[in-house]
Amino acid sequence: MFNDIGPLELVTLVVLAVLVFGPDKLPKVIQDVMRTVRKIREFSESAKQDIRSELGPEFKDFEFEDLNPKTFIRKQMDNDELGLKEIRNGFDIKKEMAEVTDAVHGRESESSSSSSGSSSGGRIDMTKKPDDDGKGDRPVFDADAT
C-alpha cells in the first residue's frame, strides 16, 4: 500500500499527524482510519462477489485485474489462438536488416543467392550509376525556381 512512500515522507506524515491531532487523540484517529479502510475493502470484495454471481457460471474465472488494459493485452498476446507466437518466432529482424543493408550496398546476400540461383534475378540494383547521355552540364534543379 505504501510502496512509493520513502522513510523521510513517512516521518513527515507522522510528525504532521502528531501536530494536527495531538498525541492524546492520535491513537483514536488511527483506529478510525483503519476501521474505515477495512470497511471499504469489505465493501469492495462484496461488490466483486455480487458481480461474479450475477455474471453466471461461464464467468467463474473472471478477474477484475484483467480489465487493466496492459494486463488485457498481455493476456491476449499470450493466447495462441491467433498464431501470433509463430509469427513472432518466424520473423528474424537481424536477417531482414542484413538483407536490406546488402541490397543498399549492392552486395549479394546469402539467402537471395541460394534461393534465386542467378546474380540479378528478382533483385533491384540500387547502386548509383553515372548518366553519360550529355545532360551532365545541366543542374538537376532549376536555379530560378529556388
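The values are calculated or read from the model by the stated rules, or taken from the named source; none is laboratory data. In this text the structure is predicted, and so the values were computed from the model without any measurement. Quick reminder, even Gly has a Cβ in these numbers, built from the backbone with ideal geometry, and neighbours come from all protein chains shown. What goes into the accessible areas is simple: the full protein's heavy atoms, side chains included, and nothing from ligands, DNA or RNA. Shrake-Rupley method; radii C 1.70, N 1.55, O 1.52, S 1.80 Å.
Quick check on my filter: what residues within region 38-74 are among the small types (G, A, S) and part of a helix (DSSP H, G or I)?
The first filter runs over region 38-74 and keeps only residues among the small types (G, A, S), leaving 44, 46-47, 53, 56.
Answer for region 38-74, where residues must be among the small types (G, A, S) and part of a helix (DSSP H, G or I): S44, S46, A47, S53.
Condition check: within 30 Å of K75 (Cβ to Cβ), assigned to a helix (DSSP H, G or I), open to solvent by 100 Å² or more (accessible area, probe 1.4 Å) and modelled with pLDDT of 90 or more. Does R35 satisfy that?
Working: within 30 Å of K75 (Cβ to Cβ): no; assigned to a helix (DSSP H, G or I): yes; open to solvent by 100 Å² or more (accessible area, probe 1.4 Å): yes; modelled with pLDDT of 90 or more: yes.
Here the answer is no, as R35 does not meet what is asked.
Under 7 Å between Cβ atoms, at least 6 apart or on separate chains: pull out the pairs that start in region 63-83 with a residue that is closer than 20 Å to S44 by Cα and end on any residue that is surrounded by 10 or more Cβ atoms within 10 Å (Cβ to Cβ) and modelled with pLDDT of 75 or more.
Taking only residues 6 or more apart or on different chains, the pairs are F64/K48; E65/T71; D66/F72; D66/K75.
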